[in-house]
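Q: Could you have a look at this structure, given as structure tokens, before my questions?
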Amino acid sequence: MGTATPALMRLAESTHQVAAARAFLEKTWQEHAEHGRRHQYPSHETLTFWRTNQAYAVKMCIESVDRLFSAAGATSWMESNEIQRLFRDSHMTGAHAYTDYDVCAQILGRELMGLEPDPTMV
């Protein structure tokens with residue numbers, strides 16, 4: 001990737017994006033813990049946000065990896081290159097049914113509009 005200004009800017013933005021994803025997850029986990037301490041079952045809306053928050057954090061991390069991967073050049077496609085494994089692993093994580101943001105966006109959208117959950121997406 002080198003030390004050219006555009007490369008440094010991609011690195012900076014990806015670093016911020018991963019930090020934002022982590023902060024978002026930590027806030028969600030703190031809410032989990034607080035509900036547990038109070039022995040309080042969360043509302044359906046809260047449960048929906050908790051699930052979809054995780055998927056959105058994964059989406060942000062995938063975007064940060066993709067940004068760096070696209071700047072890393074042709075050698076990034078070699079199996080021996082660590083960034084190639086990170087690219088595959090991040091996309092594999094995002095492809096899981098629980099963290100697929102396309103599924104989660106629909107789940108959250110239905111919740112926000114007061115629609116019943118789609119049983120094929122729960």
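The values are calculated or read from the model by the stated rules, or taken from the named source; none is laboratory data. Keep in mind it's a predicted model, so treat the numbers as computed, not measured. As a convention, Cβ positions derive from the backbone with ideal geometry for all residues, glycine included, and neighbour counts pool all protein chains shown. Surface areas here come from the heavy atoms of the whole protein model, side chains and all, with no ligands, DNA or RNA. Shrake-Rupley method; radii C 1.70, N 1.55, O 1.52, S 1.80 Å.
Q: Among [x] -0.41, -0.71, -0.85, -1.15; [y] -0.26, -0.52, -0.68, -1.20; [z] -0.32, -0.61, -0.78, -1.22, only one was calculated for this model; which label is it, if the read-out is log10 I(q)/I(0) by the Debye sum over Cα atoms at q = 0.10, 0.14, 0.16, 0.21 Å⁻¹?
A: Of the listed options [x] -0.41, -0.71, -0.85, -1.15; [y] -0.26, -0.52, -0.68, -1.20; [z] -0.32, -0.61, -0.78, -1.22, [x] comes from this structure.
Q: Working out 0.36 nm times the residue gap between HIS35 and HIS96, then minus their Cα-Cα distance, what length gain in nm do you get to one decimal? It would help to have the intermediate numbers written out before the result.
A: On the way: separation 61, 0.36 × 61 = 21.96 nm, distance 2.63 nm.
Answer, rounded to one decimal: 19.3 nm.
Q: Can I ask one more? Which value, in debye to the nearest 20, describes the size of the charge dipole of the chain about its Cα centre when Lys and Arg Cβ atoms bear +1, Asp and Glu Cβ atoms bear -1, and nothing else is charged? Don't skip to the answer; put the middle values down first.
A: On the way: 11 positive and 15 negative charges, 59 e Å.
In debye, rounded to 20, the chain gives about 280.
Q: Under 19 Å from a point placed 7 Å out from the Cα of ALA74 along the Cα-to-Cβ direction: which residues of segment 1-43 have their backbone N that close?
A: 1-2
Q: Using DSSP to call loops (not H, G, I, E or B), can you name the chymotrypsin sites (Phe, Trp or Tyr not before Pro) in segment 39-98 whose Cβ has at most 15 other Cβ atoms within 10 angstrom? It would help to have the intermediate numbers written out before the result.
A: Working: sites: PHE49, TRP50, TYR56, PHE69, TRP77, PHE87, TYR98; in loops: TYR98.
Passing both the DSSP loop test and the Cβ count: TYR98.
Q: Here's another thing I want to ask about it. Give me the number: length gained by fully extending LEU86 to LEU8, i.e. 0.36 nm times residue separation minus the C-alpha to C-alpha distance, one decimal in nm.
A: Values: separation 78, 0.36 × 78 = 28.08 nm, distance 1.90 nm.
My answer for the length gained is 26.2 nm.
Q: Relative contact order (percent) for the chain, with alpha-carbon contacts under 8 angstrom and 6 or more residues of separation?
A: Details: 101 pairs, mean separation 34.5, N = 122.
Here the relative contact order equals 28 percent.
Q: A further question follows. Return one whole number: the accessible area per residue of segment 47-105 in Å², for a 1.4 Å probe. Kindly include the intermediate steps, with their values, before the conclusion.
A: Working: 3250 Å² over 59 residues.
Result: 55 Å² of accessible area for each residue.
Q: Grab the other residues whose beta carbon is less than 13 angstrom from that of ASP100, score K and R as +1, D and E as -1, and report the net. Write out the running numbers ahead of the final one.
A: On the way: positive: ARG51, LYS59; negative: ASP102.
Net of charged neighbours comes to +1.
Q: When the accessible area of segment 14-122 is split by element with a 1.4 Å probe, what percent falls to carbon and sulfur?
A: Details: 4320 of 7110 Å².
Carbon and sulfur: 61 percent of the exposed surface of segment 14-122.
Q: I've got another one for you. Got a sec? Charge dipole of the chain, +1 on Cβ for Lys and Arg, -1 for Asp and Glu; which of THR93, CYS61, PRO117 is way out at the positive end?
A: CYS61
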